[in-house]
Amino acid sequence: MRKVLVTVLVLVAVGAAAVFWWTRPERDKPIDPRMACHVGIYRLGDGRLVDIAPTSDEGLRWRAMDGRTGKLVQDTAGAWSGTVGWSDRADTTPVSLGTCEEPAMTFEGQRGTKLDFPAIETRFEGNGETLAGRLVMPPGDKPVPVAVMVHGSESYSARTFNAFQRIFPAQGIGVFVYDKRGTGDSTGSYSQDFHLLADDAAAALKEARRLAGARASRVGYSGGSQAGWIEPLAAQRSDPDFVAVSYGLADSPLAEDRDQVQLDLIRAGFSGDALVHAREVTDATGEVIASGFKDGYDQVEALKAKYGNEPWWGAMKGEFTGDILAHSPMMLRLVGPFHDEGTTWRHDPLPPLRAVKVPLLWILAGADKEAPPEETRRRLLSVAQTNPNVEVVEFPGTDHGIIEFETAADGERTSLRYADGYYAMLVDWIRDGALKPAVYGNSERLAPKAQPETGAPQLSQ
C-alpha cells in the first residue's frame with residue numbers, strides 16, 4: 001500500500017510539474033531561414049539606423065534608435081505587415097524587407113543598407129563550463145571601447161537574440177556577446193546562481209580583451225535586469241573599465257517578490273494594515289523558496305489560517321508568493337526542488353556595489369512592475385554620495401526594459417516602445433565616457449546632478 005501511495009505521489013508531482021509556475025528552459029529552436037536572412041542593422045538613406053532582430057516565435061522585430069519598435073510578419077504572398085510594440089495593434093509604420101532572394105529593406109520611405117561587422121566566434125572556459133562567445137567590432141583599426149553583454153534571467157541564446165551586438169558596433173562600440181551556461185551553444189545547465197554567473201562574466205571579459213587586443217581602448221560590462229546582481233560581483237573578480245546596468249535591482253531577489261506583492265495590493269486598492277500583513281506573508285514564502293523548499297511551511301500555513309479570508313489575500317501574486325500560496329506544502333516539497341535553478345535568493349548586492357570603483361551607470365525604469373525601483377533608487381543614491389563615479393539616471397513612466405506602455409482600465413499594461421533617449425544614453429556613456437549635456441528623452445539625472453553650464457562630469461578613462 002505504501003509503495004502504491006509513493007507511486008501516486010510521484011505521478012502527481014510529475015503532472016504538477018507541467019503546470020507549475022516555473023518550467024525548465026528549452027534550448028533555442030532554429031530561426032526560420034526565411035526570417036534569418038533579414039537579421040541585421042540597416043543604415044537608411046537619411047543616416048538613421050534600424051535593427052532587424054529575430055524573435056522567439058514567428059516573425060521579426062524592428063528597433064529604431066529613437067526607441068520605436070514593432071513586430072514584423074510576412075504573409076504567403078511575401079507582403080510584410082506589423083504590430084506596434086508588443087501589442088496586437090496594427091502598425092502603420094511602412095517597413096518592408098523584400099525576400100531572401102531579393103532583399104529590399106525600406107523604412108518610412110528610406111532604403112536601408114545592411115551593415116557588416118568583423119566578428120570572431122570563440123569558445124572559452126567559465127566556471128566549470130565551456131561557453132560560446134562572439135566578438136563583434138566596428139570596421140577599421142581604431143581603438144574602441146568593448147562592452148561585454150551580461151545577460152538577464154532569459155533562457156535563450158544571447159548570440160542569437162541580443163540586438164546590441166549590432167546596435168553598438170554600428171555606433172563605434174565593440175561587443176562581446178556570449179550564451180550563458182545552459183543556453184545556445186554553451187554547455188551546462190541553466191542557472192541563476194549569481195556567483196557562478198559572475199565567474200562566467202569575468203571569464204567573458206578576459207576573453208573579450210584577449211580577442212580585441214590593441215583595438216580595445218576600454219572593456220567593461222553592460223546588461224539589464226539580473227545583470228544588476230551579476231555585474232558588481234563580476235567586477236570584483238575581474239578588471240573592467242566600466243559597468244553599465246539597466247533596470248536592475250540593488251536589493252535582494254527576495255525583496256523583488258516582496259515589492260511586487262506590495263504593488264499588487266496597491267493596484268488592487270489596498271493599503272495600511274493589508275500591506276503590513278502582506279509583508280509577513282512574503283517573509284514566510286521567501287523562507288520556503290530560499291531554503292530550497294525545505295522550511296517555512298508552518299509559518300505559511302499559520303498565516304493562511306490568520307489572513308486567508310481577508311479580502312486582500314487573493315490579490316497577492318509577486319514573483320513567487322502567489323504560486324506558493326496556491327499549492328499545498330506536500331506539493332511544494334515534491335515539485336519545488338525539481339524547479340530549483342540555484343537562485344541566490346539571499347544575495348545582498350550592497351557590498352559588491354559599494355566595492356565598484358570604476359565608472360558605474362545605473363538606468364532605472366521609474367514604473368518598473370517587475371523590479372520596483374524605490375529601494376534600489378534609495379540605495380544607489382546612498383552609494384553615489386560617497387562614490388563620485390556612480391551615475392544614476394531614471395526614465396519616469398517606463399516599465400522593465402525601459403519600455404513605455406499604456407494602461408487599460410483594468411490596470412493591464414500594453415508595452416509600446418523603448419523610451420526615447422535610452423539607446424543614445426548607453427551609446428554615449430560607453431563610447432565617449434560621459435553623457436552629453438543634452439537631454440535624453442524625459443530621463444532624469446539623479447546622481448550626480450548635471451550642471452547646465454558644464455554638462456555631465458567626465459568619467460575616468
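Out of all the residues in region 54-74, which are of a type in the set (Lys, Arg) and buried (at least 21 other Cβ atoms within 10 Å of the Cβ)?
Here is the first cut: in region 54-74, the ones of a type in the set (Lys, Arg) are 61, 63, 68, 71.
Result: Arg63, single match.
If you take the residues in region 400-418 that are assigned to a strand (DSSP E or B), in contact with a Ser or Thr (Cβ under 7 Å, 6 or more places away or on another chain) and of a type in the set (Val, Ile, Thr), which one is surrounded by the most Cβ atoms within 10 Å (Cβ to Cβ)? Step by step, filter region 400-418, then rank; the result is Ile403. In summary, strands (runs of 3 or more DSSP E) completely within region 75-142 and bearing 3 or more residues that are farther than 14 Å from Leu60 by Cβ occur at 110-114, 119-125, 130-136.
With Phe293, Phe338 as the choices, which residue is among the hydrophobic types (A, V, I, L, M, F, W, C), crowded, with 20+ Cβ neighbours inside 10 Å and modelled with pLDDT under 95?
Checking each option against the conditions leaves just Phe293.
Of the residues making up region 361-378, none is crowded, with 16+ Cβ neighbours inside 10 Å, over 19 Å from the mean Cα position of the chain (by Cα) and part of a loop (DSSP other than H, G, I, E, B). Residues of region 283-298 that are closer than 19 Å to Asp259 by Cβ and among the acidic types (Asp, Glu): Asp283, Glu287.
Only residues that are within 25 Å of Val288 (Cα to Cα) and hydrophobic (A, V, I, L, M, F, W, C) were counted in region 341-376, giving 3. Within region 263-275, one or more residues are at negative phi, hydrophobic (A, V, I, L, M, F, W, C), surrounded by fewer than 19 Cβ atoms within 10 Å (Cβ to Cβ) and without any contact (Cβ under 8 Å) to a residue 12 or more places away in the chain.
The values are calculated or read from the model by the stated rules, or taken from the named source; none is laboratory data. Here the structure is a predicted model, which is why all the values come from computation and not from measurement. In this analysis, Cβ positions are derived from the backbone assuming ideal geometry, glycine residues included, and neighbour counts consider all displayed protein chains.
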